[in-house]
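To start, the structure under review is shown below, and the notes come after it.
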């Protein structure tokens, strides 16, 4: 109890704000780096990152590159063959249905309602079918998912 009592007496004798010389601590603030130096260093770092990042990227995604499988064995990737579509045919490959903005994948292209593919315009997309209208004669064609 005497320690607390002594501390209270000392606080009463020394008003707040007047500290003895032994209690004053000198704190050095760290020097600030000038903004003129920080920006170029950041830009150089970003440029170096992209140089190394692009260097490590494969030039052609479909080319034969060695990859590691789950067992650590190296094997070659097979190129993805490009699909060819006959002229005048429309193949419905998929529907991404959303009430606000549905999409249809026709002949490898993603189309919204109102977009056209060759002479056909997408007029309606439902969860199972897509309606196309010919721009020349307004004939309707329906593509459905099998």
Right, residue 82: farther than 17 Å from residue 133 by Cα and either within 26 Å of the chain's Cα centre (by Cα) or without any contact (Cβ under 8 Å) to a residue 40 or more places away in the chain (or both) or not? yes
Can you say whether residue 88 is at pLDDT 90 or above, out of contact with any helix residue (DSSP H, G or I) (no Cβ under 7 Å at 6 or more places or on another chain), under 30 Å from residue 143 (Cα atoms) and assigned to a loop (DSSP other than H, G, I, E, B), as far as the supplied structure shows? no
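The values are calculated or read from the model by the stated rules, or taken from the named source; none is laboratory data. Everything numeric in this text was worked out from a predicted model, so none of it was measured. Reconstructed Cβ throughout: ideal geometry from the backbone, glycine too, with neighbour counts over all protein chains shown.
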